[in-house]
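Step one of this worksheet: look at the structure below.
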Amino acid sequence: MIIVLNGYPGVGKLTIGQELTSILSGRLLDIHSVYNVAFALTEFKSPEFVEAVEKVETIAHDLILKLPANVPVVLTTVLAGKSDWGDAEWGRIVLLGRARGPLFVVQVHCDLDENVRRIWAVGRAAKRKPRDAEMAIRNHEHGKVLAGIDEPNLLKLDVTRLSAREAAIEVADWVNRI
């Protein structure tokens, strides 16, 4: 089972993912675990950055495929709109979901005030996560459609008034119903 938490920065994907893996006795691959190697050693969005992300992702996906089939895997990502790179990355996630399915997609969102509050959380900078309130505003005003909209197992989850634990319970209940 692959559960993808997809949403814009600051909505709580990592925190929800941590709670969800605890509830499901699963594993978590946060997008920053994949991207931080590229952020540390290359220029953002350069060909070397893309190559580094793809290589780390390949290693991670290979390891995921070696896990016991009964171990759920939660992925976090920020994939929206149409781009060659984003479409390719989403395609690799879908292939992973087919190889180790079922694939569940959770589009995580919250209202703007909550997003701005969360994006300013102190611990985000240490994890190389964006802390730009203007980014949150842009995403709310001009955000593109999140990847996964066409997946059959799709949950759109508003976490504005939910704790990470409550959101994780909602996701776990939904997955178990399906």
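The values are calculated or read from the model by the stated rules, or taken from the named source; none is laboratory data. All of these numbers come straight from a predicted model, not from anything done at the bench. Cβ atoms come from the backbone with ideal geometry, glycine included; neighbour counts cover every protein chain shown. Each accessible area value is taken on the protein alone, full model and side chains, heavy atoms only, with ligands, DNA and RNA left out. Shrake-Rupley method; radii C 1.70, N 1.55, O 1.52, S 1.80 Å.
Amide H to amide H under 5 Å from I3: which residues, 5+ apart in sequence or cross-chain, H placed 1.01 Å off N in plane?
Those qualifying (amide H under 5 Å, at least 5 residues apart or on another chain) are V73, V74, L75, F104.
Compute the normalised compactness of segment 1-60: alpha-carbon radius of gyration over 2.2 N^0.38 Å, N being the residue count.
Working it through for segment 1-60, the quotient is 1.25.
Which value results when the Cα radius of gyration for segment 91-164 is divided by 2.2 N^0.38 Å?
Dividing the Cα Rg of segment 91-164 by 2.2 N^0.38 Å gives 1.30.
Over all distinct Cα pairs, what is the inverse of the mean 1/r for the chain, reported as the Kirkwood hydrodynamic radius in Å?
About 16.5 Å for the chain.
Amide H of G143: which non-local residues (sequence gap of 5 or more, or other chain) have their own amide H closer than 5 Å, using H built in the peptide plane?
Result for G143 returns nothing.
What order do V145, V78 take when sorted by accessible area (1.4 Å probe), most exposed first?
In descending accessible area the options line up as V145, V78.
Out of segment 24-57, which trypsin sites (Lys or Arg not before Pro) are coil in DSSP terms and have no more than 11 other C-beta atoms within 10 Å?
K45
Averaged across orientations, what area in nm² does the convex hull of the alpha carbons in segment 55-130 project?
The directionally averaged projection comes out at 6.7 nm².
Residues with amide H under 5 Å of A80's amide H, sequence separation 5 or more or different chain, H placed in the peptide plane at 1.01 Å from N; which?
Those qualifying (amide H under 5 Å, at least 5 residues apart or on another chain) are A147.
Dipole size in debye (nearest 20) for segment 29-178 around its Cα centre, Lys and Arg Cβ +1, Asp and Glu Cβ -1?
With only Lys, Arg, Asp and Glu charged at Cβ, the dipole is about 360 debye.
Would you work out what percent of the accessible area of the chain, with all protein chains in place, is carbon or sulfur (probe 1.4 Å)?
Whole-percent figure for carbon plus sulfur exposure: 54.
Helix-only estimate, please: 222 nm mean residue ellipticity of the chain, summing -39500 (n - 2.57) across DSSP H runs of length 4 or more and dividing by its residues, to the nearest 500.
Counting only the DSSP helices, I get -16000 deg cm²/dmol.
Using a 1.4 angstrom probe, figure out how much accessible area the chain has per residue, in square angstrom, rounded to the nearest whole.
Ligands and nucleic acids excluded, the figure is 53 Å² per residue.
Out of segment 78-178, which trypsin sites (Lys or Arg not before Pro) are coil in DSSP terms and have no more than 12 other C-beta atoms within 10 Å?
Here the trypsin sites (Lys or Arg not before Pro) that fit, given the DSSP loop and packing criteria, are K82, R128, R161.
Using alpha carbons only, how many angstrom separate the centre of segment 90-112 from the centre of segment 44-76?
13
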